[in-house]
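Data block below; observations after.
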Amino acid sequence: MSDHTIRAEAPGDEAAIYNLIAQAFAPMPFADGDEQELVNRLRADGDLALSLVAVDAGGVIVGHVGFSPATIDHAACGWFQMAPVSVCPPRQLQGIGSALIEAGLRHLREQGASGVAVVGNPAYYERFGFTVIDGLAPASEHDQPYFRAQAFDRSAPAGTLRYAPAFG
């Protein structure tokens, strides 16, 4: 039995999510330092298509994952970008991030999404079924070594995947 539950972001969660993301990414050498701002921009643009939080037994938000729509070759295609995944530092390495990712992927599959892309540590994300899809690439060459995707249907897409405008 886990000591947290996963639910959709609710009105009033914004400040707690913002603070959680800032804390989670502060010690990360690869972080840009604006990951919490990214979530606010996605939300303001209407592009935070799915936002899940992990809440401990006391009602404190201890984890978050966001998904935003992506395009392939500038066309809407039912694909999403997963980012960021955040867990408060004292609760990292306890399965909360994994539970959030799995819940988000399950939800998007059930809603008929075509697939999800992510940029991050390949060894970590490949555990969830993310892989290199031949012919599918991110718009930024910088992201290429860390770019992985997961097609939910049988036909893997080809083309250039672009993130929501909030990503810059």
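Side notes on the structure shown:
- Cα gyration tensor shape of the chain, rounded if a/c is under 1.5, else prolate or oblate by comparing a/b with b/c: prolate
- Ascending count of other beta-carbon atoms within 10 Å, so fewest first, for H64, H107, H4, H74: H74, H107, H4, H64
- Between the range 41-61 and the range 101-133, the alpha-carbon centres lie 18 Å apart.
- For the range 64-162, trypsin sites (Lys or Arg not before Pro) are listed when DSSP marks them as loop and at most 11 other Cβ atoms sit within 10 Å of their Cβ; the list is R154.
- Neighbour counts of C-beta atoms inside 10 Å place F80, F147 in the sequence F147, F80, starting with the fewest.
- Sites A26 and F152, calculated FRET efficiency, Cβ-Cβ separation with R0 30 Å, nearest 0.05: 0.35
Values quoted throughout were computed directly from the atomic coordinates according to the rules given, and no laboratory measurement underlies them. Because the structure is a prediction, the values reported are computed rather than measured. Note that each Cβ is placed from the backbone with ideal geometry, even for glycine, and that neighbours are counted across all protein chains shown.
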